[in-house]
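Structure, as structure tokens:
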Ligand code: SF4
Ligand code: SF4
């Protein structure tokens, strides 16, 4: 038997070497850049992701009833560049390895990842605001006890509280030189 025939017969009984996709699942690399996932609990609505978005796919806007922030990502416009994830200071936005992004033309405006970031009252003046994410406030204010309290204040009250604390401490400079 010729070697060609041998290989042909061997392959015939071995079955297909490729996956049955799209009739079944296929291998997906862990780091594949697929659909976006947003975690509203970790988001401070800082707009950084919207600012760097290469595809103009992100929209962050106050809800019509003023109760919080609507966060939207149009998968139709997303270029899967990963800039939003790279620049997000709190890790609130991620590219998953979900590659199921095919959709009908008429679905292009509804094919969105949307979430809602609810305002909370400032612990000082009760103005509606988005609390600082604890991990982020730790980076900014250190691990001191009042960092937790500061994260529940609006930007204005936080600024006042930090200013007062500096004033009480006496000086902005600790006198050391590098
Ligand atoms: S992956 Fe790139 S294009 Fe897609 S939402 Fe993020 S920044 Fe925008
Ligand atoms: S997802 Fe990240 S970068 Fe985008 S608004 Fe929220 S905290 Fe800022």
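Bear in mind these aren't lab numbers, they're just calculated from the coordinates by the rules spelled out. Everything numeric in this text was worked out from a predicted model, so none of it was measured. Reconstructed Cβ throughout: ideal geometry from the backbone, glycine too, with neighbour counts over all protein chains shown.
A few comments on the model shown:
- Projection of the Cα convex hull of region 9-83, averaged over all directions and equal to a quarter of that hull's surface, yields 8.1 nm².
- Cα-based radius of gyration for region 120-169, normalised by 2.2 N^0.38 Å, reads 1.07.
- When 44, 153, 72 are arranged by Cβ crowding within 10 Å, least crowded first, meaning fewest neighbours, the order is 72, 44, 153.
- Each peptide in 25-36, 107-118, 128-139 was scored by the mean count of other Cβ atoms within 10 Å over its residues; highest first, the order is 128-139, 107-118, 25-36.
- Taking the number of Cβ atoms within 10 Å of each Cβ as an exposure proxy, the fewest-first ranking of 84, 53 is 53, 84.
- Convex hull of alpha carbon positions in the chain: directionally averaged projected area 19.3 nm².
- Diffusion coefficient of region 52-116 by Stokes-Einstein, Kirkwood radius over Cα pairs, 10 °C, 1.306 mPa s: 123 µm²/s.
- Over the chain, relative contact order from alpha-carbon pairs under 8 Å, at least 6 apart, %: 20
- By other beta-carbon atoms within 10 Å, ranking 19, 70 with the fewest at the front produces 19, 70.
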